[in-house]
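Right, one structure below, let's go through it.
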Amino acid sequence: MTQRWKQRPTGSTWGDWGDDDELGRINLVTPEKVLAGVREVENGITFCLSLPLDYPGGTALNQRRHPPVVAPTEDMQGAPATFYNVHMSEMESFGDPKYVDVWADDVVTLSLQYSTQWDSLAHVGAEFDADGDGVEEAVYYNGYRAGVDLVGPVADARGDGGTHRAFAHHLGLEHMAFHGVQGRGVLVDLAHHLGDAWEGVDRTKLEEIMAADGVVVEPGDILLLHTGFATRVLEWERNPDPVKIHTMCSYLDARDPSLLEWIADSQISALVADNYAVEGLLGKDRDPSRHSFLPIHHLCLFELGVPLGEMWYLHELAEWLREHGRSRFLLTAPPLRMPGIVGSPVTPIATV
C-alpha cells in the first residue's frame, strides 16, 4: 500500500516496480534486453525512423498542434539575425584577429507531439477511486495525482496576468530518457498485408499477420507496427489532404477486448506505430456508457505503464526486413531529457 493509492486498476502494473516508480514497463528494458537487441545486429546498417519534424505540415491532423517555427537568436547588438559578423571592435580584447567569425544561433518553437514522438505516462490519466473511499480522483499511472504531481497552467504569483506552464513533477519523459531506450525492436508489417485500407486490426488479424511473417514478440521487446501512414504523409510534402489523412491505413482496433488482453499479456515494454495514435480515432463515439475515448491509450499509459510511439517513419526499415526475412533489430530511441514534458519528439535509429 502506498501513500498515493489504496487500490489499483484491475490488471494494472501499479506498484510492481516500487511505490515511486515512474517508468512502468520500460523497467523491462534490462541489460539483458539491451544485449538481445545488440545480438540482432548483423549488417551494421542503420535506418532513421523519424519523419522530418515539420511533417505532416499544417494543422489538418490536429488543430492544437502547430508546425515548428525556427528563428535566429539575437546578434551581439541585440538585433535578430540568422548569420552575422563579429565586429572588429568586439574582438579587441582578444588581440589583433586574423579573421572575423561568422556565427549562427537559433531557437525553435515546437509542439512536442507534432510529428514523430513518444507519449509519456503523464499524457493520459483517468478518473479512478485510488483511495478506495468511493470517490473517484483524477490520477495517472501509479497513482500520481492531477493538480499535485501533474499541474496545469496557474496564475503567476506576480499578478501580471502571466501563467506558469503546465508541468509534470512526476512521470515526465526525463525519467525514460535517463534510463535509456535501447533494446530489441520487433516490427509487424501490417501495410504489406493490408495496403492503405483504413481498417481496424483486431487480435485475430494481428496474430494471423504475425504468424504469416514468423514474428515472435517476447517480454521486454518494443513492438512497432508499420501501417504505411507516415509514408503517405511524407509523400504529401507538408500539404496533407485534410480528409484522407483521417481515413487511411490500418490501426489497432481498441474495441476488441481480446486485443487489449493480448497487449497486456505480451509484456511489451513500449508500443509504437507509424500512424497518428496507434489505435483508431473514429469520430463521435456511439457508446453511451462511461468509458475511455482511447482504450489503448488508457490501457497502456494509465494502467500498464507502456509508453506509446506515434508517427514513426518505418518504410525503408520494413522493406529491408522483409527482403531479408527478418523482423527484429536493435532500436535506440530515447526521448528528450527535458524535465516535466508529457510528450517528446524523437529520432529513433534501427540497426540491423
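Candidates Leu301, Leu281: the one that is touching a His at 6+ places or on another chain (Cβ under 8 Å) and part of a loop (DSSP other than H, G, I, E, B) is Leu281.
Here Ser50 meets the list (1) closer than 30 Å to His226 by Cβ; (2) open to solvent by less than 30 Å² (accessible area, probe 1.4 Å); (3) at pLDDT below 95 almost entirely, failing just condition (3). Take the conditions aliphatic (A, V, I, L, M), modelled with pLDDT of 95 or more and touching a Leu at 6+ places or on another chain (Cβ under 6 Å) and apply them to Val41. Does it pass? Against the criterion (aliphatic (A, V, I, L, M), modelled with pLDDT of 95 or more and touching a Leu at 6+ places or on another chain (Cβ under 6 Å)), Val41 qualifies.
Restricting segment 106-119 to residues that are assigned to a strand (DSSP E or B) and open to solvent by 30 Å² or more (accessible area, probe 1.4 Å), the residue that is nearest to Tyr140 (Cα to Cα) is Thr109. Which one of these is crowded, with 16+ Cβ neighbours inside 10 Å, modelled with pLDDT of 95 or more and out of contact with any Ser or Thr (no Cβ under 6 Å at 6 or more places or on another chain): Leu194, Leu173, Leu190, Leu206? Every option except Leu206 fails the conditions. Filtering Gln3, Gln7 for residues that are open to solvent by 90 Å² or more (accessible area, probe 1.4 Å) and either within 24 Å of Val342 (Cα to Cα) or in contact (Cβ under 8 Å) with a residue 60 or more places away in the chain (or both) leaves a single hit, Gln3. All of Ala104, Ala166, Ala130 fail the test of being aliphatic (A, V, I, L, M) and modelled with pLDDT of 95 or more, apart from Ala130. Residue count for segment 14-33 satisfying the condition of being within 19 Å of Leu173 (Cβ to Cβ) and either open to solvent by 80 Å² or more (accessible area, probe 1.4 Å) or part of a helix (DSSP H, G or I) (or both): 7. Tell me yes or no: at least one residue of segment 221-233 is touching a residue at least 40 places away in the same chain (Cβ under 8 Å) and surrounded by fewer than 16 Cβ atoms within 10 Å (Cβ to Cβ). Checked against the condition, which is being touching a residue at least 40 places away in the same chain (Cβ under 8 Å) and surrounded by fewer than 16 Cβ atoms within 10 Å (Cβ to Cβ), segment 221-233 yields no hits at all. When segment 304-325 is limited to residues that are outside any loop (DSSP other than H, G, I, E, B) and open to solvent by 10 Å² or more (accessible area, probe 1.4 Å), the one that is nearest to Gly57 (Cα to Cα) turns out to be His315. For segment 261-270, does any single residue satisfy the condition of being touching a Pro at 6+ places or on another chain (Cβ under 6 Å), at pLDDT 95 or above and open to solvent by 20 Å² or more (accessible area, probe 1.4 Å)? Scanning segment 261-270, I find at least one residue that is touching a Pro at 6+ places or on another chain (Cβ under 6 Å), at pLDDT 95 or above and open to solvent by 20 Å² or more (accessible area, probe 1.4 Å), so the answer is yes. Filtering segment 120-144 to residues that are crowded, with 21+ Cβ neighbours inside 10 Å and not in a loop (DSSP other than H, G, I, E, B) leaves Val139, Tyr141, Asn142, Gly143.
The values are calculated or read from the model by the stated rules, or taken from the named source; none is laboratory data. None of the values given here were measured: they were computed from a predicted structure. Quick reminder, even Gly has a Cβ in these numbers, built from the backbone with ideal geometry, and neighbours come from all protein chains shown. For the accessible areas, the whole protein counts, side chains as well, though only heavy atoms, and no ligand, DNA or RNA atoms are used. Shrake-Rupley method; radii C 1.70, N 1.55, O 1.52, S 1.80 Å.
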